[in-house]
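**Q** Below is the structure I would like to discuss, written out as structure tokens.
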Amino acid sequence: MEFLGIWIAAFLTLCIYSFLYRDNPFYRFAEHLLVGMSVGYIIILTIYFGLIPYAWDPIQKAVTGEASRWGFLTLIPICIGLLFFTRLSTRHAWLIRYPIAILMGVTSGIMIPNALQTDIFAQVQGTLNPFSVIGTLSSFEIFGAILIVIGVICTLTYFFFSVEHRGPIAGISKVGITFLMIGFGSAFGNTVMGRVALLIQRVDFLINDWIGTIF
Amino acid sequence: MKQQVPLVLCFLFGIVMILTEFSPHAASQATYKEIANWGRVISPFVLALAVITLIQTHWARIQRRTEHWQYSVVVFFGMILMVVVGTPLVIVGSPFGPQHPAFQWLFNNVQVPMDATMFSLLAFFIASAAYRAFRARTFEATLLLVTAVIVMLGNVPIGDIIWGDTASNARQWILDNPNLSARRGIILGISLGAISQSIRIILGIERSYLGGGD
Amino acid sequence: MFEKLMNIDRRIVFTLVALVVIIPMLAPFSIPLTVAEPTQNLYDYIDALPPGSTIMISFDYGPSSFVEPEPMAEAVMKHCFDKEVNVIGITLEIQAVPLADKVMQRVAVEKGAVYGEDYVLLGYRPGDTFVILGMGAEIASVFDSDYLEKPITEIPMLQNITNYDQISLLLVLAAGSTVEDWITYGHTKFDLQIAAGVTGVIVSQMYPYLQTKQLIGLMPGFRGAAEYEKLIDAFGSGTKGINTASLVHLLVIGLVVIGNIAFFVQRRREE
């Protein structure tokens, strides 16, 4: 089975790489097979690791007395969840607004206090903290700390669209662009590493695992 | 009914989650926990709807015999294969299931190689794009290009052979300072936007998520 | 000549890329690597954990991105088993479960770790944010059984573990936005100590959290995996990969330089 697995994997790998020459039926076959298998996989895992433990088990346990009768409370979110499927009927599609509204309310309510702390307070604190220990920093580190403050202010100014970017604001937002470009440049540099990693793994598979079965 | 009730529900659930977040009282924490649990129960239904929508799309392509409809048959073949192998048909005594070696074999030998290869194609395109489009036309473009080159060189050990410790150190300094400040600016901007949008959603000012109609 | 160079067929570039990956595979070489501070911090933190501690690894990657996080998982788990630190595996990414299962079993066999005593894989549950919040209150409320559907009450290493209070570190191995989710809901709300190992694509956006100590350590992409392998003195796919990647990086840099030379020469001629 291992031998067969390697050959199937190699065939499909080559089908996809054939796209580098030009679009062709082999590539399209592999592409669609991948979509189909991913959907099948998601169906199975959603049922097994989502619907059964979250929805089925609590109700079943409440019915059999294995768990307390409070388990029947799960019927409420199950009904809310089932309302998503009203989307499939043109007449009742408006009912999908109920579960969406509830999810929006819950996620917004959870998000506001935690995001304030994580992404606003902690980040502002992190920007200013180095100045509280400035005596212990080297001149190069102080330069870095000042640079971070300037960068954060200028980048934020660039994204501040409530005022027209003219005069000093235009100058500040231009500096913001400079920082953003460095940020995007570093992201590009790191992205190359990520994409190359995948390629190396696939070539490694073809050379060492697949060709290894031939010779 | 169609507009007002969802808005009221959104407001109630949003406010309850915010208030219970700050109250250490046992009842308050139990409410928070229960509603978070509801969120978990609802999540798989969202996934299920997404899957059904995708199935509908491909089914329609087959029915209408649109261009390349044959590939939608391949989609169904792959999907049915995984579902059949992944479903333990207890009634007929089939031992298959998501933890079964057959399901894992299909995942490891068919799905993983295809998915990984698909994304590895980007390595080729990124190299080609770097050659064709990565031009130092303006000051900003030059800055982006120079930063990318330094980070690329610093990311791999050969950079240290060519440029000594400078490659690693320059990369680390860029990531720790100018990159950090740009990213922090983006985080602050996105978070402020997301928080204000969330407040607007809870208060019913932002209603676009309800779609059109009455 | 420069005009020809600028209009070169993209398939020639593709061939060059393929060659610089294939050649080092046939003639492998090794280049010494320096370890950066974020990886060192993660290593030091795990190294200082007392035997019997428990860390949680969230395998939040899929087949399209497993190449970088997988050697990180291997290296960290090897370190943990050597230090007698227990490992709980979970995932918020639906496609990660079989991948996590495979890597955990592989390392366990190599290190002689016992399932249920030294490590366990709880598996996947949908609803990222709600899963993180639920486990903060009680892990059993989210995972009442492990990946193999064994009740967690029957798993020895989980007997004294109720929630994040008993977890010394959460390591997120991610390719998407789950690091931010873990920080927002795991660290901020429950004070869970978090470190990350991420794919190259999202490395840059981690640094603000690193400076604020919301992340205590970071393994950045393939390089991070290779750095951790160096720290535990184990040669793995991270080290092998980063050496091969060296040549591809040089090629990309070379292509950028040549492309720009051709561009400027042609522009000067046109002027």
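**Q** Of (1) in contact with a strand residue (DSSP E or B) (Cβ under 6 Å, 6 or more places away or on another chain); (2) buried (at least 21 other Cβ atoms within 10 Å of the Cβ); (3) more than 8 Å from every other protein chain (Cβ to nearest Cβ), C:GLU227 satisfies all except one. Which?
**A** Only one criterion in (1) in contact with a strand residue (DSSP E or B) (Cβ under 6 Å, 6 or more places away or on another chain); (2) buried (at least 21 other Cβ atoms within 10 Å of the Cβ); (3) more than 8 Å from every other protein chain (Cβ to nearest Cβ) is unmet by C:GLU227, namely (1).
**Q** Identify, from the list C:LYS189, C:LYS230, C:LYS150, the residue that is more than 20 Å from C:THR39 (Cβ to Cβ), of a type in the set (Lys, Arg) and touching a helix residue (DSSP H, G or I) at 6+ places or on another chain (Cβ under 8 Å).
**A** C:LYS189
**Q** If C:VAL17 satisfies every condition in (1) open to solvent by less than 30 Å² (accessible area, probe 1.4 Å); (2) assigned to a loop (DSSP other than H, G, I, E, B) but one, which is the exception?
**A** Here C:VAL17 clears every test but (2).
**Q** Can you tell me which condition C:TYR164 does not meet? The list is (1) within 12 Å of chain A (Cβ to nearest Cβ); (2) surrounded by 19 or more Cβ atoms within 10 Å (Cβ to Cβ), and all the others hold.
**A** All conditions pass for C:TYR164, except number (1).
**Q** For A:PHE205, state whether it is within 30 Å of C:MET25 (Cα to Cα), part of a helix (DSSP H, G or I), open to solvent by less than 30 Å² (accessible area, probe 1.4 Å) and in contact (Cβ under 8 Å) with a residue 12 or more places away in the chain.
**A** Yes, satisfied.
**Q** Among the residues of segment A:121-141, what is the count of those that are more than 23 Å from C:ILE183 (Cα to Cα) and modelled with pLDDT of 95 or more?
**A** 0
**Q** Looking at C:PRO156 and the list (1) more than 27 Å from C:MET219 (Cα to Cα); (2) without any contact (Cβ under 8 Å) to a residue 12 or more places away in the chain; (3) not hydrophobic (A, V, I, L, M, F, W, C), which single condition is not satisfied?
**A** Every listed condition holds for C:PRO156 apart from (2).
**Q** For segment B:131-159, what are the residues that are aliphatic (A, V, I, L, M), facing chain A (nearest Cβ under 8 Å) and either in contact with a His (Cβ under 7 Å, 6 or more places away or on another chain) or surrounded by 20 or more Cβ atoms within 10 Å (Cβ to Cβ) (or both)?
**A** Result: B:LEU143, B:LEU144, B:LEU145, B:ALA148, B:VAL149, B:ILE150, B:VAL151, B:MET152, B:VAL156.
**Q** Does any residue of segment A:19-26 turn out to be facing chain B (nearest Cβ under 7 Å) and either in contact (Cβ under 8 Å) with a residue 40 or more places away in the chain or open to solvent by less than 50 Å² (accessible area, probe 1.4 Å) (or both)?
**A** yes
**Q** Can we say B:ILE162 is modelled with pLDDT under 90, open to solvent by 40 Å² or more (accessible area, probe 1.4 Å), closer than 29 Å to C:SER30 by Cβ and not charged (D, E, K, R)?
**A** Spelling it out, B:ILE162 is indeed modelled with pLDDT under 90, open to solvent by 40 Å² or more (accessible area, probe 1.4 Å), closer than 29 Å to C:SER30 by Cβ and not charged (D, E, K, R).
**Q** Within the group C:SER30, C:SER58, which residue is within 13 Å of chain B (Cβ to nearest Cβ) and of a type outside the set (A, V, I, L, M, F, W, C)?
**A** Checking each option against the conditions leaves just C:SER30.
**Q** Out of the residues in segment B:170-211 that are among the β-branched types (Val, Ile, Thr) and either free of Cβ contacts under 8 Å to residues at least 24 places away in the same chain or under 30 Å from A:LEU103 (Cβ atoms) (or both), state the one that is farthest from the other protein chains (Cβ to nearest Cβ).
**A** Restricting to residues being among the β-branched types (Val, Ile, Thr) and either free of Cβ contacts under 8 Å to residues at least 24 places away in the same chain or under 30 Å from A:LEU103 (Cβ atoms) (or both), the top hit is B:ILE205.
**Q** Could we say that A:TYR41 is open to solvent by less than 10 Å² (accessible area, probe 1.4 Å) and more than 27 Å from B:GLU21 (Cα to Cα) here?
**A** For A:TYR41, the condition - open to solvent by less than 10 Å² (accessible area, probe 1.4 Å) and more than 27 Å from B:GLU21 (Cα to Cα) - is met.
Condition check ((1) crowded, with 20+ Cβ neighbours inside 10 Å; (2) of a type outside the set (Asp, Glu); (3) more than 8 Å from every other protein chain (Cβ to nearest Cβ)) across all residues:
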| position | (1), (2), (3) |
| --- | --- |
| C:TRP182 | yes, yes, yes |
| C:LEU218 | yes, yes, yes |
| C:GLY221 | yes, yes, no |
| C:ALA234 | no, yes, yes |
| C:GLY238 | yes, yes, yes |
| C:ILE242 | yes, yes, no |
| C:VAL256 | yes, yes, no |
| C:ALA262 | yes, yes, yes |
| C:GLU270 | no, no, yes |
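**Q** Restricting attention to segment B:54-70, does a residue exist that is without any contact (Cβ under 8 Å) to a residue 12 or more places away in the chain, within 10 Å of chain A (Cβ to nearest Cβ), under 25 Å from A:TYR54 (Cβ atoms) and surrounded by fewer than 16 Cβ atoms within 10 Å (Cβ to Cβ)?
**A** Within segment B:54-70, one or more residues are without any contact (Cβ under 8 Å) to a residue 12 or more places away in the chain, within 10 Å of chain A (Cβ to nearest Cβ), under 25 Å from A:TYR54 (Cβ atoms) and surrounded by fewer than 16 Cβ atoms within 10 Å (Cβ to Cβ).
**Q** Scan C:ALA137, C:ALA196 and give me the residue that is open to solvent by 30 Å² or more (accessible area, probe 1.4 Å) and more than 10 Å from chain A (Cβ to nearest Cβ).
**A** C:ALA137
**Q** Here's something else I'd like to know. Yes or no: B:LEU9 within 7 Å of chain A (Cβ to nearest Cβ) and farther than 29 Å from B:PRO98 by Cβ?
**A** Yes: the conditions hold for B:LEU9.
The values are calculated or read from the model by the stated rules, or taken from the named source; none is laboratory data. Source: prediction; values computed, not measured. Cβ sites come from the backbone with ideal geometry, for glycine too, and all protein chains shown count toward neighbours. Areas reflect the complete protein model, heavy atoms only, side chains present, ligands, DNA and RNA absent. Shrake-Rupley method; radii C 1.70, N 1.55, O 1.52, S 1.80 Å.
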